[in-house]
Number of protein chains: 4
Amino acid sequence: MRFFSDNAARACPAALAAITAADRLDTAYDGDAWSAQLDGALSELFETEVAALWVSTGTAANSLALAALCPPHGSILCHRDAHIQNDECGAPEFFTHGAKLLLAEGEGAKLNPETVGALLATVRNDVHQAQPAVLSITNATEYGLVYTVEETAALGDLCRERGLGLHLDGARFANAVASLGCAPADLTWRAGVDALSFGFVKNGGLSAECLVFFRPELTAATRYRRKRSGHLLSKGRYLAAQILAMLDGDVWLRNARAANDAAARLAAAAGAARLVHPVEANEVFIRVAAEEAARLRAQGFDFYDWGPGEARLVTAWDSDPTHVDALAAAIRAL
Amino acid sequence: MRFFSDNAARACPAALAAITAADRLDTAYDGDAWSAQLDGALSELFETEVAALWVSTGTAANSLALAALCPPHGSILCHRDAHIQNDECGAPEFFTHGAKLLLAEGEGAKLNPETVGALLATVRNDVHQAQPAVLSITNATEYGLVYTVEETAALGDLCRERGLGLHLDGARFANAVASLGCAPADLTWRAGVDALSFGFVKNGGLSAECLVFFRPELTAATRYRRKRSGHLLSKGRYLAAQILAMLDGDVWLRNARAANDAAARLAAAAGAARLVHPVEANEVFIRVAAEEAARLRAQGFDFYDWGPGEARLVTAWDSDPTHVDALAAAIRAL
Amino acid sequence: MRFFSDNAARACPAALAAITAADRLDTAYDGDAWSAQLDGALSELFETEVAALWVSTGTAANSLALAALCPPHGSILCHRDAHIQNDECGAPEFFTHGAKLLLAEGEGAKLNPETVGALLATVRNDVHQAQPAVLSITNATEYGLVYTVEETAALGDLCRERGLGLHLDGARFANAVASLGCAPADLTWRAGVDALSFGFVKNGGLSAECLVFFRPELTAATRYRRKRSGHLLSKGRYLAAQILAMLDGDVWLRNARAANDAAARLAAAAGAARLVHPVEANEVFIRVAAEEAARLRAQGFDFYDWGPGEARLVTAWDSDPTHVDALAAAIRAL
Amino acid sequence: MRFFSDNAARACPAALAAITAADRLDTAYDGDAWSAQLDGALSELFETEVAALWVSTGTAANSLALAALCPPHGSILCHRDAHIQNDECGAPEFFTHGAKLLLAEGEGAKLNPETVGALLATVRNDVHQAQPAVLSITNATEYGLVYTVEETAALGDLCRERGLGLHLDGARFANAVASLGCAPADLTWRAGVDALSFGFVKNGGLSAECLVFFRPELTAATRYRRKRSGHLLSKGRYLAAQILAMLDGDVWLRNARAANDAAARLAAAAGAARLVHPVEANEVFIRVAAEEAARLRAQGFDFYDWGPGEARLVTAWDSDPTHVDALAAAIRAL
């Protein structure tokens, strides 16, 4: 009964079926029939003209987006706990050729105009400092919190005022949309987002993430960067097909809702006192004594410790309801 | 009836089945049960201890290998027509942080100690020039020629003498082995090869290539580079599983033999006069007048022109025998 | 009466005379008679065999040192207020090809084994994080504090234990040595320092800094990096000559003592209550109300504000004693 | 009697005097009174508004210019014998973050629209190849030939047609202008040049080169790149002062004429049969048997062999007329 990570979950039936369906001879790279539909499918979903590129990891999506928005001599503003800072081994620095990440504070890995403004105030406007070029936020955050449409728009306004691009790391964008019940457009370009790393892998995809540019002109150089970084797969149709299949009939939303619901059940069982952060998506951070964590593990539940006295429980599109109920009961029984 | 590229072929049944079989919850990245078997499976195949990393493109495999063997201020020796020079949009420069490719000449994209030696002689040993650090060869070459064991070893000897690493771009390594009928070990480390980009995608894989280091210590930094370049997939098991499935029972060799056989049938039909290069793997370059090429296309055969008066025909593991026979007949009838 | 920066001071007579003396035809780059003496002169000063390279900026010296000690996928530990983080526009990232700077806290821009240890404890040892490769400290610090021999050695011990290189940004190394009255060797390699950016420009040089490697093998790749980054001047003799002239007869130490003494006079005038940091080198940070700062400026004293309610006064080798005395009196009179 | 290189010549009196004159306290970096005059002085010389930046090497000037005109995924067209390809240890690759140099042929290191066009024709317009972004030519060339105004303009026209930037490596621009007697404007922006590396060091400067942008907007990012690459010297006034002093009263032209005249005398002595290339600037390539070269050296003349049977003689602003006459006589006497 594993609650380690949505990263390691199975592929959903729609994604797997799409792989098989795409298994026919076609043009290589992104010249195939499936890749040709991506722009259209994503434009429809986002109610505006977007340019969409498949890649095979969130790290590649994030880094390509940042490279499109930040020169080598610029800086990227993000939260101290952002995935791009802590979990990508310097991929943003690699793809941007050495841009600097400037780190802001904020509860639950969430930023707001005040914390970003405070960070901006530390930078002198001269050639001795890498000038801020882009703000990167994560929704849902690394701690399972969700930026609302208004919160995103407030940051989008700040970016416009200060001449910054706005990147959204949406490894769990589906969970955020499912949590809010809003239009994807409202949480992105209408709120000022320029580029979205739209995650499918944590949500039932096999190997496809979608990099969405709301300013399609950013795609031109990115296509070269994708090739140059080895991310233009020969048989891209298998990636495009996964994305299309998960968009079709809102599989992506259904999957995210299932994960969120499982997390909500665990959160209810834990109760406010145990919760480190509000549970708004598919991650549950709870306070547990070492002895309690051991007791849960003894019952067959696997999860990560998250610093002393805390544990992280992650649900996924395919979290087994009986496992979830069992874990909920076990937490209640602590 | 498409003879464009093996790059665009279907995935073979073994690879597809492996995807489905790997579709269960496991540890993310390369912590899964399949990835754990890669070193062993490749060590067995190569009859020595190797370290093996899955990646999803040949470009990534080549570039990671080159970055392991060449510092940013070094240079990479390769053929003027090498894939790493002409078809990867500067990926070697990106991954090595700006190493310089020095280009040698040679019929059919093939190098030998004389041509490499001549290139080396153009470099002064001072800080004003990027010093040669690695030789990269492609087997089978971009023109479908095969380096024999002896030819490879002669280059390996030169590399040892001159302190160069030796990288083998094996996008069509399977075709070379199938063509020669030799042991994979003889064509690689026993001949002095340090790193091999072992291609599976052109040979029936879906999205997996295997980077094999015959000097396992080269893996340490490469693991970071793989992550940093966005090539550490979350669900790496799907890649490892493809490779293992194609190694199992020598699917990789059977696939390559099928492609080579199809090419041989086309070559026989073309006859020596039409052949631009000897056909030793799965690529056939023929001399055809524009009018002849048009006639073939009118009969439903798709392929690339390759400069004026030449065409490239590529066969694959799944080339339909009836299509091959039809094309052979059509060529004979020109 | 300018107390802005030692960076903008005049060149000292010895340095200027050396330029003129070096003005004769010689071999280009670093093949000249002066450059050939650098290793020897610095080895004598440091009582051990070192390798020394001239460069024309401290930023180049720091960055080349860091690139020698940290791979692109590694990280550099330094103080949050370090020059390499705040004042070099990402030069360390440029020269290291995207290494990440990890920032530690500490009064007066000073680090110690506890603060560095705490920072190290935040890094997981896996491929998802850039692994620490080097610690960089500044002596005298950006706030004019001096690491003692023992304090440096304590950090050196930590670096050895943890497998880190140790870089010393010595833009004001002369001021630190002058302040402590210790042997240069004690403050560097005997305390575990691997590479020193030995500053001459702030101390009366015209355009020469000296990068000193206490592990001479680090020089090999650095010579290429120096050329490749455009820092191998055609007429390097003018740089080498400055350094040699300032080492000769301990001009460097006399210059630093003069600057330190001037700062001490200002510090005495300011009194403990006004001093933000102890004054141990040639920088004086004082608490002054905006109105007081204005009053000083009205009397002809130029200096930088350093955040609200604080000002920075920097003395140099050539600070005019009458200006220093006048400023001291003006501070006393506030 | 050294005819090795103009790179190693002395500094001219005007440059040395400027150093001394600039030796007073001023604002650091390029905030000083001398740096502030550069744009104006160069704009006057070039009869148009330019932006000018001092740097301390031609390699830095070239690389910063190329980085301003070529993205990391682009390519740079130049001659096979260009300094940027052969003598800068990959500096263009370092500053551009891995752009690719594509090499054209041409007698005497000279390009023309046909050879450049032929090179362009080898590049496919797809993401698999680094797309040409800039053409870099050297005037006077590495073999001492001079592009005329018309020849430059023909290349400028080609660049405009093909959307390429045009960079002029003018390490010996002064020699070219002196040779042609044309207006500097005619040989640069009026002929389509976007950026010029205006060399002073080979022409009597001590350590200053001037990067001139005829499209001043290119300066914005370049200012950050200059800092980031460690090329923003603390006491930039010493560089600016050299340049201003050599522009003042056309010292730069007088120096170049002196060098050209010396070369012309050697060329006349050698005679057409011995000359490998026409002598149009300050370099003389002659055919000499090994025994003849030895005889010259025995008489005290130092110079580089330039491949078997050839030697390179370089004159400078300060070539001693008696040495030149002696060498001329010695050549005649061979």
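The values are calculated or read from the model by the stated rules, or taken from the named source; none is laboratory data. Since the structure is predicted, the reported quantities are computational estimates derived from the model, not experimental observations. Counting neighbours? That spans all protein chains shown, and the Cβs are built from the backbone with ideal geometry, glycine included. With ligands, DNA and RNA removed, areas are computed over all heavy atoms of the protein, side chains included. Shrake-Rupley method; radii C 1.70, N 1.55, O 1.52, S 1.80 Å.
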Cβ-defined net charge surrounding residue B:8, 13 Å radius [Lys, Arg +1; Asp, Glu -1]: -1
Part-to-part distance (alpha-carbon centres) for the stretch A:159-230 and the stretch B:214-264, which is given in Å: 30 Å
Contact order relative to length of the stretch A:236-293, as percent, for alpha carbon pairs under 8 angstrom and 6 or more apart: 25 percent
Amide H within-cut-off set for residue D:310, under 5 Å, with H built and near neighbours excluded: D:288
Calculated label separations, residue D:40, copies of the chain, 7 Å along the beta-carbon direction, nm: 4.8, 6.2, 7.8
Farthest toward positive dipole pole in the stretch D:47-203 [+1 Lys/Arg, -1 Asp/Glu at C-beta], among D:96, D:188, D:113: D:96
³J(HN,Hα) computed for each position of the stretch B:306-313 - Karplus, 6.51 cos²θ - 1.76 cosθ + 1.60, integer Hz, glycine/proline x: 10, x, x, x, 9, 9, 10, 10
The stretch A:126-216: antiparallel DSSP beta bridges as a percent of all, rounded to 5: 30 percent
Two-decimal log10 I(q)/I(0) for the stretch B:170-222, as the Debye equation yields it once each C-alpha is a single scatterer, q = 0.31 Å⁻¹: -1.18
Given charges at beta-carbon only (K, R positive; D, E negative), |dipole| of the stretch C:36-152 in Debye: 440 debye
Kirkwood hydrodynamic radius over Cα pairs of the stretch C:188-334, then Stokes diffusion coefficient at 10 °C and 1.306 mPa s, in µm²/s: 90 µm²/s
For the stretch C:288-334 versus the stretch C:89-147, the gap between their alpha-carbon centres in whole angstrom: 32 Å
Accessible surface of the stretch B:7-58, 1.4 Å probe, proportion on carbon and sulfur as whole %: 51 percent
For residue A:275, residues with placed amide H under 5 Å, excluding near neighbours: A:287
Label-point separation in nm, residue A:294 to residue C:334, each point 7 Å along Cα→Cβ: 5.9 nm
37 °C / 0.692 mPa s Stokes-Einstein diffusion coefficient of chain D, Kirkwood radius on C-alpha pairs, µm²/s: 162 µm²/s
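Give me the Å³ per residue figure for the convex hull around the C-alpha atoms of the stretch A:1-135.
Roughly 171 Å³ of hull volume per residue.
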Computed [θ] at 222 nm, deg cm²/dmol, the protein assembly as shown (DSSP H ≥ 4; -39,500 (n - 2.57); rounded to nearest 500): -12000 deg cm²/dmol
Leading residue at positive end of dipole, chain C (Cβ point charges), from C:268, C:168, C:146: C:168
Per-residue HN-Hα couplings for the stretch A:116-133 [Karplus 6.51, -1.76, 1.60; θ = phi - 60°; Hz; x = Gly/Pro]: 5, x, 5, 5, 4, 5, 7, 9, 7, 8, 8, 6, 7, 10, 5, 6, x, 10
Accessible area per residue, Å², the protein assembly as shown with all protein chains present, probe 1.4 Å: 31 Å²
Flagged links, alpha-carbon separation over 19 Å, of C:100/D:235; B:100/B:202; A:110/B:227; A:235/D:100; A:100/C:100; A:100/B:235: C:100/D:235; B:100/B:202; A:110/B:227; A:235/D:100; A:100/B:235
Relative contact order computed over the stretch B:9-116 (Cα-Cα under 8 Å; 6+ residues apart), in percent: 19 percent
Chain A: antiparallel DSSP beta bridges as a percent of all, rounded to 5: 45 percent
Given charges at Cβ of Lys, Arg, Asp, Glu: the stretch A:1-91 dipole, positive-most of A:27, A:62, A:8: A:8
Integer Hz, Karplus 6.51/-1.76/1.60 couplings in order for the stretch C:248-262, x for Gly and Pro: 4, x, 6, 4, 4, 6, 4, 4, 5, 4, 4, 5, 4, 4, 4
Shielding by partners - mean other protein chain Cβ count within 10 Å, residues of A:57-65: 4
Charge dipole (debye, nearest 20) of chain B; +1 at Cβ of Lys and Arg, -1 at Cβ of Asp and Glu: 540 debye
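Can you pull out the buried accessible area for chains D and C, both sides counted, probe 1.4 Å, rounded to the nearest 100 Å²? Walk me through the numbers before you get to the answer.
Working: alone 13720 and 13710 Å², together 23440 Å².
About 4000 Å² of accessible surface is lost on pairing.
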Per-selection Kirkwood Rh - the protein assembly as shown (Cα, Å, 1 d.p.): 33.2 Å
Shortest-first distances to equivalent copies, position residue A:304, nm, label 7 Å out along Cβ: 4.0, 4.2, 5.6
Net charge of Cβ neighbours under 12 Å - reference residue A:324; Lys, Arg +1; Asp, Glu -1: -2
Surrounding net charge for residue A:134, when Lys and Arg each add one and Asp and Glu each subtract one, Cβ distance under 13 Å: +2
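Let's see if you can work this out: charge +1 on each Lys and Arg Cβ, -1 on each Asp and Glu Cβ, no other charges. What is the dipole magnitude of the protein assembly as shown about its Cα centre, in debye to the nearest 20?
Dipole about the Cα centre, nearest 20: 0 debye.
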Contact order relative to length of chain C, as percent, for alpha carbon pairs under 8 angstrom and 6 or more apart: 24 percent
